[in-house]
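All remarks here apply to the structure that follows.
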């Protein structure tokens, strides 16, 4: 299973290079390369350009007074970065971490953040015509986090707008809600 | 090639910025004392250098504009233009415009002549018309100061001949040639030019050869002669000489000075006369061993002094924080020994400037040692100031080696040019009398250098020492260049280095703490590992210190801001700065300028009253604005203090209520009320000026400061003034910490806040119903804090008797933290927690521990607040 992660990692780096060499525009709704991963048996996608790297689960230091989905901080080669459990963020029940659990390190603005997901799948090309706008309701996930719905064959992947999922305003808002 | 261009550009813009900054501060000084010719000279020199470098890198627009500034300055220098406040204003404006041009160039924007044409007109207005011709001439070649030292150095026979020829009506020039070291590669060799000159007249050349390496390292395409000076007697005109050097002028700096008959008479004759009357003086060409040794030993001496001064400044710095009294004593001993020796040595070497700088400090230190004077902050400051002056003097003397004439005022009021040749000469004079002392001193220095101890050498060992000295001499000159030079580095490279060093430290720790090492019992491995630890630590310290910059430049900018705002308003203000040597991380230094500018501007505009209002209020007419930087606890504080009218609490309150920021019944502390003026949307400028005089864009200031993880505190007394205190953490500083463990979690408690450790008995703990637990330690009761309960999301805890209690203190409040075990004492690098964690109370940051995990650094003050709240 570990080797699978490495393969995806490699594909990710290649895809990123390609994406940079190409239009250099963010994939966004116009389509492009996405890193897909699994969360509670649902498939999600992230624009490869916002993904820095994929690491296995490592020791997480808990930070007090944080909402439950903020698992704490980890040491990413000398940089201390916060880590968020995407299950908890989306209100999906927590599961215990195993060797398939991954931390996807993403760039939000100019900072790095880790998001914990069940497992990574692959790097995909999704063209603009295969992406549909997010539905207004009807999913477990709040729609403003969603960039669009990517269709690959019969499967539908939820493409996430990682900035909206993780921005600190969002976090601050949630914090305030919890305090109130 | 592209990279090279980029580097060159980078270098240039960095240099230009520095020059502009120094121009700003020099102009400020000059404005205070327009009579000071020294400052004017420095201003001119800075403008000249700026012009020169912009020409070198091909920024013609900048060169063209700065040229006009230089012109005006030159006319002021020569007394053709009298300094008026108007001129100084114009100069300030020109510096600003230059800055603008530089910025445009840096952004690769085109700058046309029209851009600065108006300013040029303004500059030229001040220059009287009859000097126009002179200006034209100067455009082509710089005039140079008459170099008496050069004349002094010349062979008297040659001089006599030259003089005779000059009297025959021939022209007498002094020509200085400074070329780039790689000019030969570019096809420019100064030698044929000089030969060409010789075909029309007589050349006496002088240069310094100390840069020429040994033959095996000699690069025939490298010009080792930094500066060539010529005395030239000929019939040809200045223009013709300029033609000869036409190409050389592009690759370097050529200064031509035509001696007027008057100059010849006053300087040259006087020099010649004194020269002839000096008996037994040897010719320039035959440098005797004594002179040479003395000359080189001065280099060594200066290097030593320089090193010692940096050490002293470092010690002083450590004395500025909280410290042991025994340190004071040791430092006093150390300092007074150094200064005593310095005064003696410098006296023998004839370095009067140094003696003059050092002896007052020596006296002060002696008094401190004798207990007559206290070793208090004020005196530490004096010593520091003295040491800095001394460093400056050393710098001046050592850079003056190549006859760069920086006149130094002596106590007698006359101006002397003590370049190395002079010093050598004066040494020679004294050495004929005191030859023995000089030699003993010289040998003593060698022993000192090699053993770092003062040992009185035996006279018989002198021969050996002398040989050693010649060895030392070479290394010392080599080292000198390194000791005083600095290098410009791209900041991102430094950041990368910083991150990498962090990794290195962790990896090193991981290796040293590796479990499998426990089975290995090899003394050699252990030795090498401990060596590795030491080196890693050394690298880490060095890299961290590289990022620290002093607030000096920032404060200088603020002086300028204050000046400009004051000029525009109708206020009268003195601006003071303290603690400008306080160092802060580069990021903070870079970003702190904007909020400070804002605060200073506000203080002038709204804080300080008009002179009339002040007099009515019974205050001195002159308002005071002070910037003060200092260390407090783990932070650096920058105070912006004014003695103006202060904040009106009631009005702020009313305003805040009407804006809906607070409720009518809110009971607010003074602090909270003041903070309101920094709330976003508190008020617009006009309204605030009407009610309180503050609040203009303060929310932006607060945002900026908070971005740097700092905070602002405001205190104010109505009618007396306001203080804005900006507090910044030393983001990259490391702290001494105690690593403690609770269950699987690791925390770091700052060693400074720890009072003691204890293991309680179950009977020591008292539960106060509804108020928590108290524990008795050495007869005193303290609140017991279970971190795991406090931080909620941690697992359940143990009984107090199975735990260790750490008694911590902050702001005179104390409590006991309950931890499972103590894991060790270590120096940890503070990393700030991410932005989203800013709100976390009780945690001030985090650090990466030896095992690669992240440990949270506890903020004792925050924990105490949490528990008492």
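The values are calculated or read from the model by the stated rules, or taken from the named source; none is laboratory data. Computed from a prediction, not measured in an experiment: that's the story for all the values here. No Cβ is skipped: glycine too gets one built from the backbone with ideal geometry, and neighbour counts run over all protein chains shown.
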Pick from segment A:41-59, criterion in a loop (DSSP other than H, G, I, E, B) and more than 8 Å from chain B (Cβ to nearest Cβ), ranking: surrounded by the most Cβ atoms within 10 Å (Cβ to Cβ): A:57
Looking at this structure, is residue B:589 buried (at least 20 other Cβ atoms within 10 Å of the Cβ) and assigned to a strand (DSSP E or B)? no
When you look at residue B:719, is it at pLDDT 75 or above and surrounded by fewer than 17 Cβ atoms within 10 Å (Cβ to Cβ), yes or no? yes
If I filter segment B:610-650 down to residues being under 16 Å from residue B:569 (Cβ atoms) and surrounded by fewer than 20 Cβ atoms within 10 Å (Cβ to Cβ), which single residue comes out as nearest to the chain's Cα centre (by Cα)? B:624
Check on residue A:38, surrounded by fewer than 19 Cβ atoms within 10 Å (Cβ to Cβ), under 11 Å from the mean Cα position of the chain (by Cα) and at pLDDT 90 or above: yes
So, in segment B:782-793, of the ones that are within 11 Å of residue B:818 (Cα to Cα) and more than 14 Å from chain A (Cβ to nearest Cβ), which residue ends up surrounded by the most Cβ atoms within 10 Å (Cβ to Cβ)? B:784
Within segment B:213-245, the residues that are closer than 22 Å to residue B:182 by Cβ, at pLDDT 75 or above and either outside the structural domain of residue B:179 (by TED's automatic domain parsing) or part of a helix (DSSP H, G or I) (or both) are B:244
Taking segment B:363-387 on its own, how many of its residues are over 17 Å from residue B:311 (Cβ atoms) and part of a helix (DSSP H, G or I)? 11
When segment B:607-624 is checked residue by residue, the ones that are outside any loop (DSSP other than H, G, I, E, B) and touching a strand residue (DSSP E or B) at 6+ places or on another chain (Cβ under 9 Å) are B:607, B:611, B:614, B:623, B:624
Answer yes or no: is there a residue in segment B:795-814 that is at pLDDT below 85, outside any helix (DSSP H, G or I), under 51 Å from the mean Cα position of the chain (by Cα) and within 14 Å of chain A (Cβ to nearest Cβ). yes
Top-ranked residue in segment A:60-91 [being without any contact (Cβ under 8 Å) to a residue 40 or more places away in the chain, in contact with a strand residue (DSSP E or B) (Cβ under 7 Å, 6 or more places away or on another chain) and under 20 Å from residue B:790 (Cβ atoms); ranked as surrounded by the fewest Cβ atoms within 10 Å (Cβ to Cβ)]: A:62
Kindly indicate the residue of segment A:62-90 that is part of a loop (DSSP other than H, G, I, E, B) and within 15 Å of the chain's Cα centre (by Cα) and also farthest from the other protein chains (Cβ to nearest Cβ) among those meeting that condition. A:90
Check every one of the strands (runs of 3 or more DSSP E) wholly within segment B:498-586 and list those with 2 or more residues that are more than 27 Å from residue A:76 (Cβ to Cβ). B:548-550, B:573-578
Determine whether segment A:133-140 contains at least one residue that is buried (at least 20 other Cβ atoms within 10 Å of the Cβ), in contact with a strand residue (DSSP E or B) (Cβ under 9 Å, 6 or more places away or on another chain), outside any helix (DSSP H, G or I) and at pLDDT 80 or above. no
Would a scan of segment B:14-30 turn up a residue that is more than 23 Å from the chain's Cα centre (by Cα), over 20 Å from residue B:118 (Cα atoms) and assigned to a helix (DSSP H, G or I)? no
With respect to residue B:741, is the statement that it is away from chain A (no Cβ under 14 Å) and either modelled with pLDDT under 85 or more than 20 Å from residue B:813 (Cα to Cα) (or both) true? no
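The rows are residues; the columns are (1) within 14 Å of chain A (Cβ to nearest Cβ); (2) at pLDDT below 85.
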position	(1), (2)
B:763	no, yes
B:775	no, no
B:780	no, no
B:857	yes, no
